[in-house]
Amino acid sequence: MSSFNEVESDSSEDVDSWISLFCSMFGHDYFVEVAPEFIEDDFNLTGLSLIVPFFRDALDVILDLEPEIPIKPANVPLVEHAAELLYGLIHARYILTKPGLRAMAEKYEDNCFGSCPRYYCQGMHLLPIGRYDQPGIETVRLYCPNCNDIYLPSSSRYLNIDGAFFGTSFAGMFMKLFPEIQRQCYERTKKQFELKLFGFKLNERAPGGPRMKWLRQYPQAKEEIEEYKKCEFSIVGTNEKIVEAGGQEEGEEEEEEEEEEARMDEDSHEEAKASAGESMMSIAKD
């Protein structure tokens, strides 16, 4: 019986931890549980003490530790809010690690973040993303790897989540670690909806014509891909040539300026000599 009670108490402690309760709250489906070992490492908390008020008390709340100095009753709501802010910023760093990316991959496979509302994306799974790394600027957005666009969450319960809790780098890191997402995008159609009037397509320059079409155009044939690569490298080469040409032009301009200064000095010396000779001649005549 004692062993059963110990197991039950351990399970209750795991369930009742602050991190698990926070992630199980209504509207916190996007979050994953950060490992306590990650939070206890001071290196992973670098710079957060300057952003989060009541940093030490908030950290103790997250780790379920008793504070060294009792928190004043008036500061309890502030400490709770600081703990949520601190956990969100730690979460943005944790999901860039391999354990965090794997935990987010499980949610991605289960379609916890929803599907792209665009028809031609064919239900592509979305990824949470923030447009800013600083908290308090904008709420979380959802990124579609297929159309490279961002959308608002479909439910209003996610509109209170700060975008900085996921950061600007997570989606790119996630797609680099899991290249099969790119293969899923290639398998989907790249077709664009084209508005018609009495069976005729509208011109792209028309007020009702397709907009931002070039954003979703990808090279598909081998010739197009090779041409794209050549254009990419040639642009870099031309930029380098431009820089080199600019440097040569600057050097030539400097040389011309030095030559002009030397000529001006010679002319001034000759004028001085001529004026001195004239003065000596006038003195001799006198």
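The values are calculated or read from the model by the stated rules, or taken from the named source; none is laboratory data. Remember, predicted model here, so these are calculated numbers, not experimental data. Note that each Cβ is placed from the backbone with ideal geometry, even for glycine, and that neighbours are counted across all protein chains shown. Heads up: the accessible areas ignore ligands, DNA and RNA and are worked out on the full protein's heavy atoms, side chains in. Shrake-Rupley method; radii C 1.70, N 1.55, O 1.52, S 1.80 Å.
What the table below lists for this structure:
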| read-out | value |
| --- | --- |
| Selection count, region 54-103, where residues are of a type outside the set (Phe, Trp, Tyr) and touching a Ser or Thr at 6+ places or on another chain (Cβ under 7 Å) | 2 |
| Residues located in region 77-128, provided they are loosely packed, with under 15 Cβ neighbours inside 10 Å and of a type in the set (Phe, Trp, Tyr) | Tyr119 |
| Subset tally (residues that are at pLDDT 50 or above, part of a helix (DSSP H, G or I) and open to solvent by 80 Å² or more (accessible area, probe 1.4 Å)) for region 11-36 | 2 |
| Odd one out for Pro73 among (1) open to solvent by less than 30 Å² (accessible area, probe 1.4 Å); (2) free of Cβ contacts under 8 Å to residues at least 40 places away in the same chain | (1) |
| Arg102 vs. criteria touching a strand residue (DSSP E or B) at 6+ places or on another chain (Cβ under 7 Å) and not hydroxyl-bearing (Ser, Thr, Tyr) | no |
| Filter pass, Gly47 being closer than 19 Å to Tyr158 by Cβ and not polar (S, T, N, Q) | no |
| Scope region 45-54; condition open to solvent by 30 Å² or more (accessible area, probe 1.4 Å) and part of a helix (DSSP H, G or I); matching residues | Ser49, Leu50 |
| Subset of region 139-148 [outside any loop (DSSP other than H, G, I, E, B), of a type outside the set (A, V, I, L, M) and open to solvent by less than 30 Å² (accessible area, probe 1.4 Å)] | Cys144 |
| Exclusive hit being within 25 Å of the chain's Cα centre (by Cα) and either modelled with pLDDT of 95 or more or among the β-branched types (Val, Ile, Thr) (or both), set Ile71, Ile51 | Ile51 |
| Among residues of region 149-182, those that are over 17 Å from Glu138 (Cβ atoms), open to solvent by less than 60 Å² (accessible area, probe 1.4 Å), of a type in the set (Gly, Ala, Ser) and not in a helix (DSSP H, G or I), counted | 1 |
| Where Pro67 falls short, out of the listed (1) in contact (Cβ under 8 Å) with a residue 24 or more places away in the chain; (2) part of a loop (DSSP other than H, G, I, E, B); (3) open to solvent by less than 80 Å² (accessible area, probe 1.4 Å) | (1) |
| Pair list, Cβ under 6 Å, 6 or more apart: region 16-28 residue within 22 Å of Ser156 (Cβ to Cβ), other residue open to solvent by 90 Å² or more (accessible area, probe 1.4 Å) and acidic (Asp, Glu) | Cys23/Glu33 |
| Residue check, Gly88 under 19 Å from the mean Cα position of the chain (by Cα) and in a loop (DSSP other than H, G, I, E, B) | no |
| Selection count, region 104-138, where residues are of a type outside the set (Asp, Glu), assigned to a loop (DSSP other than H, G, I, E, B) and touching a Gly at 6+ places or on another chain (Cβ under 9 Å) | 8 |
